[in-house]
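Down below is the structure, laid out as structure tokens.
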Amino acid sequence: MARRRRSLLHRLLARPAGALSAWLLAPSRRRAALVRQRLLSSLETALPPAVQATDQGLVIVQGALALSLADGHFDQQEWELYRECLARLQLSDRQLRSINMRDTPDLVRIGAGLASLEHGDHRLAVGRCYCLFAAADGQGGGSELALLKTLLEALGHPELELELPTLCRQFGQGESWLERQRASWGDRLARWLLPTASPHG
């Protein structure tokens, strides 16, 4: 009986609640779209077409994915970024099958692959791309920072870590406490409307 009442409530409120959720989330979605575009542009620079379908290209993508997963929270915005990355890059079927978001990334193998990159300019581009991924949430601390240090060491550019605070400020600036609360309520409302939905489904 309780399930029927809840189902009826969802049917009655779905349209107005969906409109309210979209309005609440609109500013954060615009901000997320700008962040996503910057990350995609950086990843495309780090992965020129000649590299994308190679084992080195796969390692670079897996390093970026590991940074996104480092904080243990892979949200809808990160899922959309990851999906768009795969859509834009010319990865082979074998590469796509080898990317697994459920298992712990093999950091030893990723580090060895990054260390094998031959060209200094390419290593630098990959390192700067990773800094952007680590800073994208405006935090860039904890497990993300520890993993970033590991990847930058493998690339031979540990000094790039010094750019992280500035990047975090750039990504985090302009968002007030009220805007964060608005986004939080919009996200809660969206989750209430789709209680069994999964961003990976």
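The values are calculated or read from the model by the stated rules, or taken from the named source; none is laboratory data. Worth saying up front: this structure is predicted, and the values here are computed from it rather than measured. Because the Cβ atoms are built from the backbone with ideal geometry, glycine has one as well, and the counts that use them run over all protein chains shown.
Values as computed for the structure displayed
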| item | result |
| --- | --- |
| Only listed residue being of a type outside the set (Ser, Thr, Tyr), more than 18 Å from Val35 (Cα to Cα) and in contact with a Lys or Arg (Cβ under 6 Å, 6 or more places away or on another chain), chosen from Leu148, Leu155 | Leu155 |
| Any hit, the range 164-183, residues being surrounded by 11 or more Cβ atoms within 10 Å (Cβ to Cβ) and closer than 17 Å to Gln56 by Cα | no |
| Residue satisfying condition, being more than 12 Å from the chain's Cα centre (by Cα) and either part of a loop (DSSP other than H, G, I, E, B) or modelled with pLDDT under 85 (or both), within set Ala50, Ala112, Ala146, Ala125 | Ala50 |
| Thr45 being hydroxyl-bearing (Ser, Thr, Tyr), assigned to a helix (DSSP H, G or I), touching a helix residue (DSSP H, G or I) at 6+ places or on another chain (Cβ under 7 Å) and closer than 27 Å to Arg29 by Cβ | yes |
| Pick from the range 2-47, criterion among the small types (Gly, Ala, Ser) and loosely packed, with under 14 Cβ neighbours inside 10 Å, ranking: modelled with the lowest pLDDT | Ala2 |
| Test for Ala183: is it assigned to a helix (DSSP H, G or I), touching a Pro at 6+ places or on another chain (Cβ under 8 Å) and either under 24 Å from Val108 (Cα atoms) or modelled with pLDDT under 85 (or both) | yes |
| Residues that are surrounded by 14 or more Cβ atoms within 10 Å (Cβ to Cβ) and over 13 Å from Val59 (Cβ atoms), drawn from the range 93-128 | Leu124, Ala125, Gly127, Arg128 |
| Any chance Cys168 is in contact with an Asp or Glu (Cβ under 8 Å, 6 or more places away or on another chain), hydrophobic (A, V, I, L, M, F, W, C) and either farther than 19 Å from Trp79 by Cβ or not in a loop (DSSP other than H, G, I, E, B) (or both) | no |
| Number of the condition not met by Asp71 [criteria: (1) farther than 25 Å from Trp185 by Cα; (2) in contact with an Asp or Glu (Cβ under 9 Å, 6 or more places away or on another chain); (3) surrounded by 16 or more Cβ atoms within 10 Å (Cβ to Cβ); (4) not hydrophobic (A, V, I, L, M, F, W, C)] | (1) |
| Enumeration of residues in the range 123-161 that are within 19 Å of Leu81 (Cα to Cα) and among the charged types (D, E, K, R) | Arg128, Asp137, Glu144 |
